[in-house]
Every structure is written in C-alpha cells, then in structure tokens.
C-alpha cells in the first residue's frame, strides 16, 4: 500500500510539514510516523509521556530541549527523547529534513 502524506499545521507544527502514519500500514499500537520538514519548518514545544525515538533519514535539523540542550541532526542520526522532556525538532534553516518518530499512540502534549 502506498504511503499517504497529510499536511500538518498549527498548533503543533510551523512551516511546510507533512507526515505518513507507518503504524497504520502495519497495524501496530504505537505511533510510527514518517515526517518531512521543509527548510526551517518544525514542531512547537511539546512533550510525550513515554520515550520518543527519532531516526533521521535525510537532511539536517536540530533536536532542542527546553533546558537548553541542543543536538544537531543529520541523516542516520538516532536520538531518544526521555519521557516528559519538553522539546522541539526542526529542519535546519537552509535544509529540509525527514525523520521517523516512534512513540506511544496518543502521547503528545503541547507545552
């Protein structure tokens, strides 16, 4: 079955962002999402009650935590966001980024 990308917007996303729910394809009880971010696009500050795993497929971006920690992301990077950690992820200002995120379904809250 081909992936169906859906555009995403406020309040959780800014800029040109789209996603495809991979878990719906395989029928799993977790959220496995392929997300594409245009240059400079990203999420709002948010947290998850369970760990979130980010796997960068293409491009460059950042994973930023509210406490000031900043991790540059590039193709092949794998990062684990701890439960409850307020964070955001975004493409670099001059480059698009694609990542797969894995987390418990219905587990995102804006901050």
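Does residue 22 count as modelled with pLDDT under 80 and crowded, with 17+ Cβ neighbours inside 10 Å?
Working: modelled with pLDDT under 80: yes; crowded, with 17+ Cβ neighbours inside 10 Å: yes.
Yes: the conditions hold for residue 22.
For region 51-65, check the following and say yes or no: at least one residue is more than 18 Å from residue 92 (Cβ to Cβ), surrounded by 17 or more Cβ atoms within 10 Å (Cβ to Cβ) and either touching a residue at least 12 places away in the same chain (Cβ under 8 Å) or touching a helix residue (DSSP H, G or I) at 6+ places or on another chain (Cβ under 6 Å) (or both). Checked against the condition, which is being more than 18 Å from residue 92 (Cβ to Cβ), surrounded by 17 or more Cβ atoms within 10 Å (Cβ to Cβ) and either touching a residue at least 12 places away in the same chain (Cβ under 8 Å) or touching a helix residue (DSSP H, G or I) at 6+ places or on another chain (Cβ under 6 Å) (or both), region 51-65 yields at least one hit.
The values are calculated or read from the model by the stated rules, or taken from the named source; none is laboratory data. Fair warning: this is a prediction, and the values are worked out from it, not measured in the lab. As a convention, Cβ positions derive from the backbone with ideal geometry for all residues, glycine included, and neighbour counts pool all protein chains shown.
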